[in-house]
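**Q** Would you mind keeping the following structure in view while I ask a few things?
Throughout, read-outs are computed from the coordinates displayed, never taken from laboratory work. None of the values given here were measured: they were computed from a predicted structure. Backbone-built Cβ (ideal geometry, glycine too); neighbour counts: all protein chains shown.
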Amino acid sequence: MSLIRLSPHVVWMPPGPPDRPSLCAVTGERGTLMLDAGASDAHARLFLEGLGEMGIARPRTVALTHWHWDHVFGAAEIGAPVICSALTAGELQRLANDDWNDAALDARVESGEEIAFCADNLKLELPAPRHVRIQLPEMIFERLLTIELGGVTCRLQQVGGDHSADSVVISIDPDGVLFLGDCLYDDIYAPTRHYTTAKLFPLLDKLDQINQPQAEIIVEGHVPEVMDHAAFDSLIGRFRLIGGLANQHPGDEAAMIAACMTISHGELSEDDAELIHAFASAPRPKD
Ligand SMILES: [Zn+2]
């Protein structure tokens, strides 16, 4: 798959099956920074080949948005030092200590440490027998790191959220690109996938602060199109609206649906219904 040029300094490989996330390369006068490392050696190699075809220098460093397998398993194949947050570093150490054969994976799904969604996709990406190499980071930051690549600057900022507490977003200027990773997604490591306003609202506030001036191109981990700032604003607005309803009607899906339909003149989109369900599925304090 060839890469897509998003801006003067940024190229993108869109997400693909089975669960490969977006990867980007940011190239300045001093070299290339890769954003997320890919789901496997094969995924990483595909990205490196795409860079080669475009005449772009191989990554000098790799920055990770969070610890999930599909974003980090390709790092060893890139052959460049890894940069990540302290929270991500701790999780990578845990992954490095784990066994990744089918029996170990199945046992972790059984015990609830792993989820079937990840185990199933991992088996598709890396059929047995598999050899997983976890590349531990060389550079670890707390909350915020700025990387100057020469003519282009990347700001890495930890934002957290329901999906993963270690989530980091990367803003790239002057290109006006915001690389979100999976930060806006739901909590998948829970008995029921869900959102909470306790985690989502602080994340949205941080994104508002970070996204100044507003990025023109927003890249998500698993969405095959980039967003412009109008689409991003509308997504954030939807999260705030439905999150607000969740705060008014905690755990009451029917009441949230009724309130949402009143606001939107009797209509309920599939996206809104899904989001309402995800908020209604949040564990309640007394549960
Ligand atoms: Zn993730």
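**Q** Along segment 255-263, what does the Karplus equation 6.51 cos²θ - 1.76 cosθ + 1.60 (θ = phi - 60°) give for ³J(HN,Hα), rounded to whole Hz, x for Gly and Pro?
**A** With the stated coefficients, segment 255-263 comes to 5, 5, 4, 4, 5, 5, 5, 4, 5 Hz.
**Q** Can you give the Rg to Rh ratio of segment 195-287, both from alpha-carbon atoms, with Rh computed by the Kirkwood formula? It would help to have the intermediate numbers written out before the result.
**A** On the way: Rg = 14.3 Å, Rh = 14.3 Å.
For segment 195-287, the value is 1.00.
**Q** Using only the Cα atoms of the chain, construct the convex hull and provide its projected area averaged over every direction, in square nanometres to one decimal.
**A** 15.2 nm²
**Q** Give me the number: length gained by fully extending Leu124 to Asp228, i.e. 0.36 nm times residue separation minus the C-alpha to C-alpha distance, one decimal in nm.
**A** My answer for the length gained is 34.2 nm.
**Q** Relative to the first principal axis of the alpha-carbon coordinates of the chain, what is the inclination of helix 270-280, with its axis defined by its Cα atoms, in degrees from 0 to 90 and to the nearest 10?
**A** In the chain, helix 270-280 runs at an angle near 80 degrees to the longest axis.
**Q** Once amide H atoms are built 1.01 Å from N in the peptide plane, which residues 5 or more positions from His194, or in another chain, come under 5 Å H to H?
**A** Amide H to amide H, under 5 Å and 5 or more residues apart or across chains, His194 pairs with Asp187.
**Q** If packing is taken as the average count of other Cβ atoms within 10 Å, what order do 13-22, 97-106 fall into, highest mean first?
**A** Packing order, densest peptide first, comes out as 13-22, 97-106.
**Q** Provide, in order from the shortest bin, the percent of all Cα-Cα pairs of segment 2-89 in each 5 Å bin, continuing until the bin that contains the maximum pair distance.
**A** Bins of 5 Å from zero give 3, 16, 30, 28, 16, 6, 1 percent of pairs.
**Q** Another one. Suppose every K and R has +1 on its Cβ and every D and E has -1 on its Cβ; what is the size of the dipole of segment 230-287 about the Cα centre, in Debye to the nearest 20?
**A** On the way: 4 positive and 9 negative charges, 60 e Å.
For this selection, approximately 280 debye.
**Q** Sticking with this one: Only counting other Cβ atoms within 10 Å, I'd like Val168, Val132, Val11 sorted with the fewest neighbours first.
**A** Val132, Val11, Val168
**Q** Taking the 0 to 90 degree range and rounding to the nearest ten, how far is the long axis of helix 41-53 tilted relative to the main principal axis of the chain, both from C-alpha atoms?
**A** Here the helix axis deviates by roughly 70 degrees.
**Q** While we're on this one: With axes computed from alpha carbons, what is the tilt in degrees of helix 116-125 against the longest principal axis of the chain, rounded to the nearest 10 within 0 to 90?
**A** It works out to around 30 degrees.
**Q** Taking θ as phi - 60°, what are the ³J(HN,Hα) couplings along segment 176-187 by the Karplus curve (6.51, -1.76, 1.60), each to the nearest whole Hz, with x for Gly and Pro?
**A** x, 10, 10, 9, 8, x, 9, 4, 8, 7, 7, 7
**Q** Let me ask something else about it. Given charges of +1 on the Cβ of Lys and Arg and -1 on the Cβ of Asp and Glu, with all other atoms neutral, how large is the dipole of segment 4-227 about its Cα centre, in debye to the nearest 20?
**A** Working: 16 positive and 33 negative charges, 105 e Å.
In total the dipole reaches around 500 debye.
**Q** Something else now. In what sequence do Tyr195, Tyr189 fall when counting other Cβ within 10 Å, fewest first?
**A** Listing Tyr195, Tyr189 from fewest to most nearby Cβ atoms yields Tyr189, Tyr195.
**Q** State the volume of the convex hull built on the alpha-carbon positions of segment 101-204, expressed per residue in Å³ and rounded to an integer.
**A** Looking at segment 101-204, the number lands at 144 Å³ per residue.
**Q** So what is the calculated 222 nm ellipticity per residue for the chain, using -39500 (n - 2.57) for each DSSP H run with n of 4 or more, over all residues, to the nearest 500 deg cm²/dmol?
**A** So the calculated ellipticity at 222 nm is -11500 deg cm²/dmol.
**Q** Please identify the GluC sites (Glu not before Pro) of segment 187-287 that satisfy two criteria: DSSP loop assignment and at most 13 other Cβ atoms within 10 Å. Which are they? Display every interim value, and only then the final one.
**A** Details: sites: Glu216, Glu220, Glu225, Glu253, Glu267, Glu270, Glu274; in loops: Glu216, Glu220, Glu225, Glu267.
Passing both the DSSP loop test and the Cβ count: Glu225, Glu267.
**Q** Shifting gears a bit: Quick one: Met261, Met34, fewest Cβ neighbours within 10 Å first, how do they rank?
**A** Taking fewest neighbouring Cβ atoms as first place, the list is Met261, Met34.
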